[in-house]
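Here the structure is laid out as structure tokens; the discussion comes afterwards.
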Amino acid sequence: MAKLTPFDDALHQIVSDASLVGVERLPIVQCRGAVLAEEIRAGIDVPPVDNSAMDGYALRALDARDGQPLLVSQRIPAGQVATPLMPGTAARIFTGAPVPPGADCVVAQEDCQRDGDHVQLSTQPSTGQHIRRRGEDIARGQTVLSAGQRLGAAQLGLLASLGIDVAPVRRPFKVALMCTGDELREPGQAIEPGQIYNSNRPMLAALLAGLGMDVVDMGIVGDSPEATRQALTNAAAAADVVVSSGGVSVGEEDHVKSQVEALGWLSLWKLAIKPGKPLAYGKLGDTPFFGLPGNPVSSFVTFCLLVRPYLLSMLGDNDAVPSAWPVSADFDWPKSGSRQEYARARLSGEGGRLSASLYPHQGSGVLSSVAWCDALVVIPPGTTVSRGDTVSAIPMSLLD
Ligand SMILES: Nc1nc2c(c(=O)[nH]1)N[C@H]1C(S)=C(S)[C@@H](COP(=O)(O)OP(=O)(O)OC[C@H]3O[C@@H](n4cnc5c(N)ncnc54)[C@H](O)[C@@H]3O)O[C@H]1N2
Ligand code: MOO
């Protein structure tokens with residue numbers, strides 16, 4: 001039997017092959033999931049001025065020392081400019097409104113009694129309380145985001161807080177998706193004996209869309225050399241990267257490998273991983289190609305561990321390769337294997353440490369295990385595990 005490629009070697013080869021796409025300036029509303037191409041520096045302070053964190057009264061703390069009521073000398077709603085505070089008085093102020101020059105604290109209205117044009121404080125304030133300082137979130141000139149960072153909701157909000165409406169990001173690109181198998185029918189259709197529903201299509205399309213990819217859906221492709229070759233040709237013409245599922249194993253009905261070799265070449269086939277052994281990787285002419293095994297768990301795992309790092313490397317993502325966390329095994333794995341296993345697991349916190357328990361059925365057709373899990377426990381080849389041992393786990397939050 002041909003030697004299986006170790007996972008780390010395959011990952012290294014795949015990630016090194018990925019070429020960086022160009023830069024585009026996009027409105028931030030279109031940037032969710034995009035990867036920043038340049039670092040972002042703040043052009044302004046955030047917040048731009050000292051402002052109140054409470055609805056209440058702004059004053060000088062020293063003026064409250066004798067406990068006498070203070071005259072309310074101005075009213076400052078958010079959005080207005082304050083005038084300097086008249087000495088020995090207080091200003092009515094609202095959350096987010098600029099603190100007037102001369103005031104050095106804000107007293108919440110719950111700690112005050114208003115009586116006509118005066119206010120009586122019921123607590124002794126301390127200097128600086130309830131004031132949000134100019135630039136305390138972001139100081140002008142500060143680097144706020146680095147090149148290679150992916151933009152999620154918080155990062156987009158941060159850009160907006162700096163007044164930035166257009167961001168330099170890596171150009172989104174197209175990934176064609178095709179699912180091979182005569183047995184496949186789409187959900188919503190009736191199935192005949194021998195047929196199954198196509199679960200890989202929505203699953204892989206969702207994973208691709210989650211990475212900001214523009215998915216070119218080639219649908220279901222029949223198990224014939226001609227249909228497979230035609231679909232591969234069309235997919236390569238329509239997209240920057242082609243991903244298929246199924247048809248990469250050794251049966252006579254598995255045509256993907258031979259047709260990829262007819263149109264280009266395979267650089268990798270058969271990895272020392274479980275699930276996912278028959279993963280195929282190569283080129284269709286100039287177009288990168290990934291052939292994922294058809295078993296749904298194998299498709300999911302190989303996408304997350306190999307295709308995802310490749311696509312994110314094309315985008316220059318600093319976190320293209322997910323990290324693994326040390327966790328305690330809440331299971332025994334008595335039989336070592338020759339392939340690196342990615343067991344579907346759930347993490348829970350016990351005694352200040354995360355521990356992993358496994359889904360009871362780890363078959364590569366059991367998609368329930370993926371829907372249930374929140375981590376993949378990595379069990380290297382030749383390894384057994386006893387309860388309490390430390391194992392590595394990759395959280396799903398870093399994978400999909
Ligand atoms: N003689 C051997 N047989 C197999 C080997 C082997 O080494 N020698 N490897 C096994 C392993 S491991 C895997 S993984 C599978 C991969 O096979 P293929 O990539 O060729 O996939 P198919 O045969 O097309 O399908 C496998 C399985 O998955 C179901 N499937 C396929 N596509 C979908 C889809 N879109 N949605 C839902 N389910 C899908 C398909 O019906 C099969 O049950 O090969 C083993 N065999
Ligand atoms: O390697 Mo296969 O993906 O175990 O079923």
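The values are calculated or read from the model by the stated rules, or taken from the named source; none is laboratory data. Just so you know, these numbers come straight off a predicted model, no measurement behind them. Virtual Cβ from ideal backbone geometry, glycine too; neighbours counted across all protein chains shown.
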Is it true that some residue in the stretch 6-20 is surrounded by 16 or more Cβ atoms within 10 Å (Cβ to Cβ), of a type outside the set (A, V, I, L, M, F, W, C), within 29 Å of Phe94 (Cβ to Cβ) and modelled with pLDDT of 95 or more?
-> no
Check off (1) assigned to a helix (DSSP H, G or I); (2) more than 16 Å from ligand 1 (Cβ to nearest atom); (3) at pLDDT 95 or above for Ser397 and give me the number that stays unchecked.
-> (3)
Pick from Ile220, Ile273: which is within 14 Å of ligand 1 (Cβ to nearest atom), β-branched (Val, Ile, Thr) and under 29 Å from Val378 (Cα atoms)?
-> Ile273
Of all residues in the stretch 263-275 being closer than 22 Å to Ala239 by Cβ and either of a type in the set (A, V, I, L, M) or out of contact with any Lys or Arg (no Cβ under 9 Å at 6 or more places or on another chain) (or both), the one that is farthest from ligand 2 (Cβ to nearest atom) | Leu263
Give the stretch 34-48 a look and list any residue that's of a type outside the set (Asp, Glu) and surrounded by fewer than 18 Cβ atoms within 10 Å (Cβ to Cβ), or say none.
-> Arg41, Gly43, Ile44, Pro47, Pro48
Among (1) on the phi > 0 side of the Ramachandran plot; (2) at pLDDT below 95, which single condition is Glu350 missing?
-> (1)
Give the residue that is surrounded by the fewest Cβ atoms within 10 Å (Cβ to Cβ), with candidates limited to residues of the stretch 53-63 that are within 50 Å of the chain's Cα centre (by Cα) and over 15 Å from Pro98 (Cα atoms).
-> Leu62
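A quick yes/no check of all residues on (1) at pLDDT 95 or above; (2) out of contact with any Leu (no Cβ under 9 Å at 6 or more places or on another chain); (3) over 30 Å from Gly22 (Cβ atoms):
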{"position": "Gln113", "(1), (2), (3)": "yes, no, yes"}
{"position": "Asp117", "(1), (2), (3)": "yes, no, yes"}
{"position": "Pro125", "(1), (2), (3)": "yes, no, yes"}
{"position": "Ile131", "(1), (2), (3)": "yes, yes, yes"}
{"position": "Ala139", "(1), (2), (3)": "yes, yes, yes"}
{"position": "Leu159", "(1), (2), (3)": "yes, no, no"}
{"position": "Asp165", "(1), (2), (3)": "yes, no, no"}
{"position": "Ala205", "(1), (2), (3)": "yes, no, no"}
{"position": "Leu211", "(1), (2), (3)": "no, no, no"}
Among the helices (runs of 4 or more DSSP H) lying completely within the stretch 251-348, list those that include at least 3 residues that are of a type in the set (S, T, N, Q).
-> 296-302
Given (1) within 16 Å of Arg308 (Cβ to Cβ); (2) at pLDDT below 95; (3) of a type in the set (Gly, Ala, Ser), index of the condition Ser249 fails = (1)
Of the conditions (1) surrounded by fewer than 17 Cβ atoms within 10 Å (Cβ to Cβ); (2) assigned to a loop (DSSP other than H, G, I, E, B); (3) in contact (Cβ under 8 Å) with a residue 40 or more places away in the chain, the single one that Gly148 does not satisfy is (1)
Could you check, for the stretch 180-192, whether at least one of its residues is surrounded by 13 or more Cβ atoms within 10 Å (Cβ to Cβ), under 21 Å from the mean Cα position of the chain (by Cα) and either more than 27 Å from His255 (Cα to Cα) or of a type in the set (Gly, Ala, Ser) (or both)?
-> no
In the stretch 99-111, what count of residues is obtained for those that are over 10 Å from Leu59 (Cβ atoms) and more than 43 Å from the chain's Cα centre (by Cα)?
-> 2
Which listed residue is within 16 Å of ligand 1 (Cβ to nearest atom) and assigned by the TED database to the domain that holds Ala236, from Gly285, Gly294, Gly365 = Gly294
Could you list, in sequence order, all residues of the stretch 254-267 that are within 14 Å of ligand 1 (Cβ to nearest atom) and either surrounded by fewer than 21 Cβ atoms within 10 Å (Cβ to Cβ) or of a type outside the set (Val, Ile, Thr) (or both)?
-> Asp254, His255, Lys257, Ser258, Gln259, Leu266
Output the number of residues of the stretch 60-85 satisfying the condition of being in a loop (DSSP other than H, G, I, E, B), among the small types (Gly, Ala, Ser) and out of contact with any Phe, Trp or Tyr (no Cβ under 6 Å at 6 or more places or on another chain).
-> 3
